[in-house]
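The values are calculated or read from the model by the stated rules, or taken from the named source; none is laboratory data. No experiment lies behind these values; they were computed from the predicted model shown. Here the Cβ is made from the backbone with ideal geometry for all residues, glycine too, and neighbour counts use every protein chain on show. Side chains are part of the model used for accessible areas, which takes the heavy atoms of the whole protein and leaves out ligands, DNA and RNA. Shrake-Rupley method; radii C 1.70, N 1.55, O 1.52, S 1.80 Å.
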Amino acid sequence: MPRLIPAILKIEFSEYNEKLKEEFDSLGSEMEDPVGQFIKLAKARGETKETDPVLLELLIALHRKVDELMAFVKNEKKELLPLDKKSEIIRIGFEYFEIRDPLLKKDKKYYGRIDLPVFPPREVGVIFKGESEKLAKILLMHERDVKDYNAFLMARERAIIREIKAKNG
């Protein structure tokens, strides 16, 4: 059994198919907006050495928010494909997660979207395989999403350690 820690996240998912793979791919490219791409290239060329990285991240997030507001004002809505199952992730690990409801089939491949409470909050695409009715093995996530997922996991671990220390005095 993999090591999992308590965490509550919403997830929607369906059995994997090529149409869902297209959405997964588009969610990854969506993260590469023009400003994000420009910053990534500037970092690669070493042009951001003198820049505060936190300030840079906030600027990128602000730009994305402005884009979201513009889309809202223009009544442009990004349409995501409907997924037929909903549940809550109740425990997470680096390669696995456990859902509350017994909705998975062993060795069946799924595509899902997890509501990840990072800054800025967003839906993360994930391709996973059922290990049991409730346990899933993560097969594929976009690089940025893996970093944010792992950072969330480590923050949860630290919070749990603090709670244990507080209880034990």
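Points to keep in mind about this one:
- Carbon/sulfur fraction of accessible area - the chain, other protein chains in place, 1.4 Å, %: 58 percent
- In order along region 111-125, the Karplus-derived 3J(HN,Hα) couplings, from 6.51 cos²θ - 1.76 cosθ + 1.60 at θ = phi - 60°, round to 10, x, 10, 9, 7, 9, x, 10, 9, x, x, 7, 8, 10, x Hz, and Gly and Pro are given as x.
- The HN-Hα couplings worked out from phi for region 134-150 by the Karplus form 6.51 cos²θ - 1.76 cosθ + 1.60 (θ = phi - 60°) are 10, 9, 10, 9, 6, 9, 8, 9, 5, 3, 5, 5, 4, 4, 5, 4, 5 Hz, whole numbers, x standing for Gly and Pro.
- Rolling a 1.4 Å probe across the protein heavy atoms gives the chain an accessible surface of 64 Å² per residue.
- For region 78-87, putting each phi into the Karplus relation 6.51 cos²θ - 1.76 cosθ + 1.60 with θ = phi - 60° gives couplings of 6, 8, 9, 5, x, 10, 8, 10, 10, 7 Hz, in residue order, rounded to whole numbers and with x for Gly and Pro.
- Excluding the site residues themselves, the longest part of the chain lacking any trypsin sites (Lys or Arg not before Pro) in a DSSP loop with at most 13 other Cβ atoms within 10 Å is 109-169.
- Among the GluC sites (Glu not before Pro) in region 1-104, those placed in a DSSP loop whose Cβ has at most 13 other Cβ atoms within 10 Å are E32, E47, E50, E76, E79, E95.
- Our estimate of slack between K21 and E57, defined as 0.36 nm per intervening residue step minus the Cα-Cα distance, is 10.1 nm.
- Subtracting the Cα-Cα distance of E133 and R45 from their residue separation scaled by 0.36 nm leaves 27.0 nm.
- Cross-link reach is defined here as a Cα-Cα straight distance under 29 Å, omitting same-chain residues fewer than 8 places apart; for K165 the lysines meeting it are K10, K147.
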